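A short write-up of the structure that comes next.
The values are calculated or read from the model by the stated rules, or taken from the named source; none is laboratory data. Since the model is a prediction, treat every value here as computed from it, not as a measurement. A quick note on method: Cβ atoms are made from the backbone with ideal geometry, for glycine too, and the neighbour counts reach across all protein chains shown.
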Amino acid sequence: MTKKKKLVALCACTMGLAHTFMAAQSLEEAAKELGYDVKIETQGADGIQNELTPQDLAEADIIIQAVAITPENNERFDNYDVYEISLQDAIKNAKGTIKEIEEMIASEK
Amino acid sequence: MQKDSVFKREYVFLDVDVSTKEECLAFIAKKAVKLGISTSEKGTIDGFMERENEGSTGFDDGFAIPHTRCEDVIRPSVMVVKTKNGIDWPSMDGKPIVVVFALLVPKEVESTVHLKLISSLARKLVSADFQSTMLNSSDPDEIFGIVEKALNN
């Protein structure tokens, strides 16, 4: 049996009330639909939730940041390829955006 | 209903006759003061507009989520407005805004309990089922029920 692909993401908007969570939800649903194991960290007004661990990052096939601010603990991502997308793309076109990232990764191989 | 609930039946307003974003936010601010959510109409409007000026909170399919964290707000609250006619309010798909979820949060919050409720609602906003019920329903009790459920999801 092949191991499921894993997608992790971090979402954070300026005020941390609405767009952070809308983006997180859209990405989560789209990634599941595309067959990924998924974990999404949110940095919102309620603090850091569902924090991505070093292991999460090491295991991930795709790492996404949908942020409008510089996230906390951003140095975790230093040694990884991070795909930066807008919160708007995450909310409005999560599935299309993940597919574009898949194509980019495929073309680099 | 708990006294400190973020959302109550009287926070739902249907058939609201406003035609611009400014009118809509003024309506919300006025009601917020009346309901004891905020202490200042002007402060609340300014709070919303500060966020709108960073980028419109209109998104897809007729929904907008103006929000503010300002010192005039004294109780974290969610208010729901359905407009009589769509409002010209910049959105991601250019459609007029019909359903407005206003999120009002004090500058200083003692606990994250209310913020968690609001984040659950924000997650629900991207659900197609939730959106279509909100758009199609003109029954205030039904709207109250599904928003209440989304908050406590």
Worksheet item: Restricting to the stretch B:1-28, what's the tally of residues that are touching a strand residue (DSSP E or B) at 6+ places or on another chain (Cβ under 9 Å), under 28 Å from B:ASN153 (Cβ atoms) and outside any loop (DSSP other than H, G, I, E, B)?
Response: 10
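Tell me, yes or no, whether the stretch B:44-52 has at least one residue that is assigned to a helix (DSSP H, G or I), free of Cβ contacts under 8 Å to residues at least 60 places away in the same chain and closer than 22 Å to B:LEU135 by Cα.
Step one: list which residues in the stretch B:44-52 are assigned to a helix (DSSP H, G or I), which gives B:44-52.
Retained after the next criterion (residues that are free of Cβ contacts under 8 Å to residues at least 60 places away in the same chain): B:45-52.
Next, only the ones that are closer than 22 Å to B:LEU135 by Cα stay: none.
For the stretch B:44-52, residues assigned to a helix (DSSP H, G or I), free of Cβ contacts under 8 Å to residues at least 60 places away in the same chain and closer than 22 Å to B:LEU135 by Cα: absent.
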Discussion item. So the check is Cβ under 8 Å with 6+ separation or different chains; which pairs have a first residue in the stretch B:128-153 that's closer than 18 Å to B:ASP60 by Cα and a second one that's in a loop (DSSP other than H, G, I, E, B) and aliphatic (A, V, I, L, M)?
Written reply: B:GLN131/B:LEU125
Worksheet item: Among the residues of the stretch B:27-51, which ones are closer than 21 Å to B:ASP17 by Cβ and either buried (at least 16 other Cβ atoms within 10 Å of the Cβ) or of a type in the set (Lys, Arg) (or both)?
Response: B:PHE27, B:ILE28, B:ALA29, B:LYS30, B:LYS31, B:ALA32, B:VAL33, B:LYS34, B:GLU41, B:THR44, B:ILE45, B:PHE48
Discussion item. Among (1) out of contact with any Cys (no Cβ under 6 Å at 6 or more places or on another chain); (2) assigned to a loop (DSSP other than H, G, I, E, B); (3) among the hydrophobic types (A, V, I, L, M, F, W, C), there is one condition B:ALA32 misses while meeting the rest; what is its number?
Written reply: (2)
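Can you tell me how many residues within the stretch A:75-96 are more than 14 Å from every other protein chain (Cβ to nearest Cβ) and surrounded by 14 or more Cβ atoms within 10 Å (Cβ to Cβ)?
Residues in the stretch A:75-96 being more than 14 Å from every other protein chain (Cβ to nearest Cβ) and surrounded by 14 or more Cβ atoms within 10 Å (Cβ to Cβ): 5 in total.
Say we look at the stretch B:65-93 and pick out the residues that are assigned to a loop (DSSP other than H, G, I, E, B) and of a type in the set (A, V, I, L, M); which of these is farthest from A:CYS13 (Cα to Cα)? Walk me through it before giving the result.
First, the residues of the stretch B:65-93 that are assigned to a loop (DSSP other than H, G, I, E, B): B:65-66, B:71-72, B:74-76, B:89-93.
So of that shortlist, the ones also of a type in the set (A, V, I, L, M) come out as B:65, B:74, B:92.
Numbers: B:ILE65: 14, B:ILE74: 23, B:MET92: 16 Å.
Of everything passing the filter in the stretch B:65-93, B:ILE74 is farthest from A:CYS13 (Cα to Cα).
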Discussion item. Looking for something under 12 Å from the mean Cα position of the chain (by Cα), in a helix (DSSP H, G or I) and facing chain A (nearest Cβ under 9 Å) - is there at least one such residue anywhere in the stretch B:94-116?
Written reply: no
Worksheet item: Restricting the stretch A:1-47 to residues that are facing chain B (nearest Cβ under 8 Å) and part of a strand (DSSP E or B), which is farthest from B:MET92 (Cα to Cα)?
Response: A:GLY47
Worksheet item: Under the condition of being farther than 12 Å from B:LYS21 by Cα and among the small types (Gly, Ala, Ser), which residue from the stretch B:65-101 is surrounded by the most Cβ atoms within 10 Å (Cβ to Cβ)?
Response: B:SER77
Worksheet entry | Breaking point among (1) over 20 Å from B:PHE13 (Cα atoms); (2) not in a loop (DSSP other than H, G, I, E, B), for B:THR133 | (1)
Worksheet item: Looking only at the stretch B:1-19, which residues are surrounded by fewer than 17 Cβ atoms within 10 Å (Cβ to Cβ), modelled with pLDDT of 95 or more and farther than 12 Å from B:VAL80 by Cβ?
Response: B:ASP15, B:ASP17
Discussion item. Just to check your reading of the model, which residue among A:ALA30, A:ALA23, A:ALA58, A:ALA12 is more than 28 Å from B:CYS70 (Cβ to Cβ), surrounded by 20 or more Cβ atoms within 10 Å (Cβ to Cβ) and modelled with pLDDT of 95 or more?
Written reply: A:ALA30
